[in-house]
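What follows is one structure encoded as structure tokens, with my remarks underneath.
The values are calculated or read from the model by the stated rules, or taken from the named source; none is laboratory data. Predicted model, so just to flag it, every value in this text is computed and none were measured. Virtual Cβ from ideal backbone geometry, glycine too; neighbours counted across all protein chains shown.
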Amino acid sequence: MTEKRWLISQADLPLARELSQKTGLSLLLCTVLSARGVKSPAEVCALLDTSVDTLIDPFALSGIREAVDTIRDAIAHRQRIAVYGDYDVDGVTATCLLIDCLRTLGADCLYYIPDRLTEGYGVHPDALCKLRDAGVDLIITVDTGVTAVEEIALAYSLGMRVVITDHHECAGAVPDAEAVVDPKLPGCTYPFRELAGVGVAFKLVCALLGDTHTALERYAELVCLGTVADVMPLRGESRVIVNYGLRKLAYTRSVGLRALLRESGVLSGKRPLSATSLSFALAPRINAAGRFGLASRAVELFLTDDDTLAQTIAAELSEINRQRQGTENDMLREALDVLESACDPVRDRAFVLWHEGWHHGILGIVASRLTDRFSRPVILLSVDGDTAKGSGRSIPGFNLYNALSHIPTRQFGGHELAAGLTLDTADLERFRDDFCAYAAENLSEEDCVPCIDVDCEITPKLLTLDAVASLSRLEPTGMGNPEPVFCLRDLRISQLAAIGNNRHTRLFLEGDGCRLPCVYFGRNPDELGLLDGDMVDVVCGAQVNDFRGRAVQLILKDIRRTEVERKQDNETRGLYERFRSGDTLTESERRKLRPEREELVSVWQYVAVRAKTKALTEDAAKLYREVRAAYQTPTTLGRLYIALDVFAELGLLRQERHGGRVTLEPQREVKADLAESQILAQLT
């Protein structure tokens, strides 16, 4: 597995101590804040403040007064209003809160969610015709519309007016509508640009109701869910609303949300609701409906007052999500098969894969999983006759939108890290070659090494129970306000064991007079290549574990042997490679490389026992440490390689090497004299 780069920010320790003294917050929390660029107690208070009184006047948004006047005029004249949404969680929640608000105000209203599979994202001409046929006079878009210049013009030609609410960038001309409300609109001076689509719709609702607190009390849960699911930065207003919504969700009066919470099981544990639990439990169920063209069922869920219907729909969404997971896993396996046969994961800087019949609604999520696994831009395409439709995901530093703008396609759209595209099937191979060539020119080998962002390097003594508990002041955490990640160095493993049917690892680390329990999810001890007694550096999060008492527990994100130990391995490996290539070593270097007789015996005995019934395959850097721990010998990596070569030279074993791993098969009937080894003679 590729070793990850640790991008460690530098904390200002004198500043952290000053912040701690002046605010009363723990030194651990203030160390994190200093590493994130906070420079004063006032900035600390502003960052941690989640008071609803900090919410901004909705009328500070450009266009919102015109939007309110237009909507009130339509209601007063009993005109029919349509809310035009989107099929993801952000679009669904925005649609629901605006429909509910309009109904509260007495409006004649309906909603329209485009079908992901047949229509895709955005405002569509056919949909506008359907709405006109349904007697719609005013369309209000949510989470879409700011780039739909031609479509909005069509709506007016059909006799309908339009109010646009969106949160996406406006790339060119602004549609000619009654009002365009978007914090990213050129010229808009609204001080917070990072609202989700549901956040912008919420601001419109606040303005319509004339009372932000009333709107927040009624809709905070939906705004919270949509904001978290759309992976918006949890800063400023978004953080305030998400914090308020999370506290309300556990006691929500929405029958739809209650049913979804029950169905997902997120309220069954002791831990409070978090942005993470929404991301991994609620959001996928709603998104799954959209991926299968059934987003309207999610809208029904949040608009119904019928408990029985809500529970039925929540169960449906869970079943759809299970189908999505099965389809996703099948597609991932197929994509990996295609990748193995058509790509070189080491050499290639990007992957373009296609297959007939891949589900359009799942392409993006599988592309994302492949991007996470290989740290490469990935585009997956589903072939249907003469047309191939695809979805791509990228890595930081590679702008996917810019890349596609340099390569001919039938159609494409998106942004830096995600995009969709359509090709002629006949152009697939040409597109793959051009895209991979562009990636090769614009991505270095280092760019394709996965990275972990680390807040700061600390010592174990900072991880007291109270200090770790104080990190909860950063909640809600998520995009733009992540959970703190620490680096700790020079710790000794005192215990190592597999848990969870050998899927995870539990270990204890000792250092600085502390003993810290740790869990590494998704990696078992064999995959880590570590032993009891190894000295390691780790990157981790920290939490308070309430199971059987309260204690600090580290959640490992990466672990590796210390720089000193890895440097020693590299030095002795380098000596070995020089020796095997025929270089002349000094007497001192030969002594470092030549194993003593007791070491040779120890290596042989260890291998013979481990390979009693079948060949032993092991990481060489782990094998020599196992021998050293078992027999208390001074074996190094270089000496292990020499020992194995001597045994192979004398016919005592057969060995194969693949990278850093060795496969060893002792030949038990063979007798040999170490004095006959030419390798040992050369090292004398």
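Can you confirm whether Ser296 is surrounded by fewer than 21 Cβ atoms within 10 Å (Cβ to Cβ), under 16 Å from Tyr87 (Cα atoms) and touching a residue at least 24 places away in the same chain (Cβ under 8 Å)? Walk me through it before giving the result.
Numbers: surrounded by fewer than 21 Cβ atoms within 10 Å (Cβ to Cβ): yes; under 16 Å from Tyr87 (Cα atoms): yes; touching a residue at least 24 places away in the same chain (Cβ under 8 Å): yes.
Considered against the rule, which asks whether it is surrounded by fewer than 21 Cβ atoms within 10 Å (Cβ to Cβ), under 16 Å from Tyr87 (Cα atoms) and touching a residue at least 24 places away in the same chain (Cβ under 8 Å), Ser296 comes out as yes.
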Candidate set: the range 643-658, residues that are closer than 17 Å to Ala611 by Cα and part of a strand (DSSP E or B); chosen: the one nearest to the chain's Cα centre (by Cα): Arg657
Leu195 being crowded, with 18+ Cβ neighbours inside 10 Å and not in a loop (DSSP other than H, G, I, E, B): no
Filtered residue count, the range 521-570, keeping only those that are in contact with a Gly (Cβ under 8 Å, 6 or more places away or on another chain) and among the charged types (D, E, K, R): 1
All positions within the range 396-425 that are touching a strand residue (DSSP E or B) at 6+ places or on another chain (Cβ under 9 Å) and under 16 Å from Asp447 (Cα atoms): Pro396, Leu400, Ala403, Leu417
Boolean, Ala215 is small (Gly, Ala, Ser) and in contact with a Pro (Cβ under 8 Å, 6 or more places away or on another chain): no
Residue match in the range 211-218 (condition: in contact with a strand residue (DSSP E or B) (Cβ under 9 Å, 6 or more places away or on another chain) and either buried (at least 24 other Cβ atoms within 10 Å of the Cβ) or under 18 Å from Ser62 (Cα atoms) (or both)): no
Conditions (1) within 31 Å of the chain's Cα centre (by Cα); (2) within 30 Å of Glu656 (Cβ to Cβ); number of the one not met by Ala551: (2)
Residue satisfying all of: in the range 28-75; part of a loop (DSSP other than H, G, I, E, B) and among the acidic types (Asp, Glu); modelled with the lowest pLDDT among these: Asp49
Yes/no for Leu516 being over 23 Å from the mean Cα position of the chain (by Cα) and at negative phi: yes
The listed residue being buried (at least 19 other Cβ atoms within 10 Å of the Cβ) and under 26 Å from the mean Cα position of the chain (by Cα), out of Gly390, Gly397: Gly390
Hey, Arg161 over 18 Å from Val299 (Cβ atoms) and of a type in the set (Lys, Arg) or not: yes
Pairs with Cβ under 6 Å, 6+ apart, first in the range 304-330 and over 13 Å from Arg285 (Cα atoms), second among the polar types (S, T, N, Q): Ala310/Thr304
Leading residue by the ranking (nearest to Leu234 (Cα to Cα)) among those in the range 181-191 that are touching a residue at least 40 places away in the same chain (Cβ under 8 Å) and surrounded by fewer than 16 Cβ atoms within 10 Å (Cβ to Cβ): Pro191
Options Asp532, Asp558: the member that is of a type outside the set (Ser, Thr, Tyr), assigned to a strand (DSSP E or B) and out of contact with any His (no Cβ under 9 Å at 6 or more places or on another chain): Asp558
Filter result (polar (S, T, N, Q) and more than 12 Å from Leu48 (Cβ to Cβ)) within the range 234-251: Ser238
The range 483-539, residues that are under 20 Å from Glu626 (Cα atoms) and of a type in the set (Gly, Ala, Ser): Ser494, Ala497, Ala498, Gly529, Gly533
Output for the range 259-274, where each listed residue is surrounded by 20 or more Cβ atoms within 10 Å (Cβ to Cβ) and at pLDDT 90 or above: Ala259, Leu260, Leu261, Glu263
All positions within the range 594-642 that are of a type in the set (Val, Ile, Thr) and in a helix (DSSP H, G or I): Val601, Val603, Val607, Val609, Val627, Ile642
Boolean, Val552 is under 21 Å from Ile679 (Cα atoms) and either in the same structural domain as Leu465 (by TED's automatic domain parsing) or crowded, with 19+ Cβ neighbours inside 10 Å (or both): no
Scan of the range 76-90 for residues that are over 39 Å from the mean Cα position of the chain (by Cα) and outside any loop (DSSP other than H, G, I, E, B), ordered by number: Ala76, Arg80
Failed criterion for Leu19 (all others in (1) within 26 Å of the chain's Cα centre (by Cα); (2) surrounded by 24 or more Cβ atoms within 10 Å (Cβ to Cβ) hold): (1)
Any pair with Cβ under 7 angstrom, 6 or more apart, that starts in the range 587-606 at a residue that is without any contact (Cβ under 8 Å) to a residue 24 or more places away in the chain and among the charged types (D, E, K, R) and ends at one that is loosely packed, with under 15 Cβ neighbours inside 10 Å and part of a helix (DSSP H, G or I): none
